[in-house]
Amino acid sequence: MKYSLRQLEVFVEAAQQENITRAAEKLAMSQSAASGALRELESQFEVQLFDRVGKRLQLNELGRLIRPRAEALLAQAQELERALRRHADIGHLNLGATLSIGNYLAVDIMARFMEENPDAEVDLAVANTRDIVAGVVGFELDVGLIEGEVTHPQLEVLPWRADELVVVAPPGHPLAACQKVTDEQLTTCRWLLREPGSGTRQAFERAMQGLLPKLEVRMELQHTEAIKHAVESGFGLSCLSRICVADELARGELVALAVPHRDFTRQLYLILHRKKYRSEGILRWLELCQSDYGT
């Protein structure tokens, strides 16, 4: 075998840091040792894996092709090492969740996961669907939990659980007492919506197809809590996941309007990179989500 696992570690860390000095620091190596390992890896196969711009290392086409395979091989080697040492630790898990899931579902699942796996280290990044997809595609996240529909050749998309959006208004709104709200009535209202790129916005636009040009969108906000407070204050209507507004509906702070002729159902998904090695931690996370928190 012409390459070593250490050379692959340097390659992967250099790809992540885009700098050999920072890569060496992460790996507790000297800069000269890290540079030598990377240089030997390239020279042994007479290839170049990076474009070098000053001190910055940027993966070239071959480097981008090799990186996921190298990461998978290193992950397998780590699993083998743990097995040989008879350790069953989960290790470190990087998760990403969209805002509705991250703020209202993921924390409870994480607490359960860490209770069952006390040695696990779990980080959670919360962002909109577009950003979570980018994180999984770029190997920055191990698993994504998203609201929006996505099709990407590098992603495995697993249906997770059903969800529903609801049109919400303050209790004193003129439409709150209507048994059925018409499209014409909806066009007379001001709307406070999630930002483009969010799964909630995607589902809303699909449900309101044909009516969107007639709606007065007063504000677009990234944070669900800000939207709920604005609706409660009478600034307009919104359309949010029932998961997010369940407490406000129960307390009577918001009212769900009846819009039965519009389909607000949607699916939540788990996403993984197709070339991402399924570590023990990833497998246990997927099992927990699908068995105890799926519907």
Kindly check whether there is at least one residue in segment 247-263 that is touching an Asp or Glu at 6+ places or on another chain (Cβ under 6 Å) and not assigned by TED's automatic domain parsing to the domain that holds T151.
yes
Quick one: which residue in R112, R130 is in contact with a helix residue (DSSP H, G or I) (Cβ under 8 Å, 6 or more places away or on another chain) and among the basic types (K, R)?
R112
Please find, within segment 243-260, the residue that is nearest to E140 (Cα to Cα) out of those that are free of Cβ contacts under 8 Å to residues at least 60 places away in the same chain and not charged (D, E, K, R).
A246
If you go through V126, V133, V122, the only one that is in contact with a His (Cβ under 7 Å, 6 or more places away or on another chain) and either modelled with pLDDT of 90 or more or crowded, with 19+ Cβ neighbours inside 10 Å (or both) is V133
Selected residue (only one of L38, L65 is loosely packed, with under 14 Cβ neighbours inside 10 Å and hydrophobic (A, V, I, L, M, F, W, C)):
L65
I'm trying to understand the selection: among the residues of segment 174-190, which are touching a residue at least 12 places away in the same chain (Cβ under 8 Å) and touching a helix residue (DSSP H, G or I) at 6+ places or on another chain (Cβ under 9 Å)?
L175, C178, D183, L186, T187
Checking the structure you have, find out if any residue of segment 150-161 is under 26 Å from A70 (Cα atoms), over 15 Å from the mean Cα position of the chain (by Cα) and surrounded by fewer than 19 Cβ atoms within 10 Å (Cβ to Cβ).
yes
Are there strands (runs of 3 or more DSSP E) fully within segment 1-108 with at least 1 residues that are of a type outside the set (D, E, K, R) and assigned by TED's automatic domain parsing to the domain that holds L145? List them.
92-97
When you go through Q222, Q209, Q267 one by one, which is the residue that is touching a residue at least 40 places away in the same chain (Cβ under 8 Å) and surrounded by fewer than 14 Cβ atoms within 10 Å (Cβ to Cβ)?
Q222
Name the residues in segment 1-16 that are in contact (Cβ under 8 Å) with a residue 24 or more places away in the chain and of a type outside the set (S, T, Y), would you?
K2, L5, R6, Q7, L8, E9, V10, F11, V12, A14, A15
Positions within segment 225-257 being surrounded by 16 or more Cβ atoms within 10 Å (Cβ to Cβ) and among the acidic types (D, E), in sequence order:
E248, E253
Looking at F113, F139 in this structure, which one is outside any loop (DSSP other than H, G, I, E, B) and surrounded by 16 or more Cβ atoms within 10 Å (Cβ to Cβ)?
F113
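The values are calculated or read from the model by the stated rules, or taken from the named source; none is laboratory data. The structure presented is a predicted model; accordingly, all values stated were derived computationally and were not measured. Backbone-built Cβ (ideal geometry, glycine too); neighbour counts: all protein chains shown.
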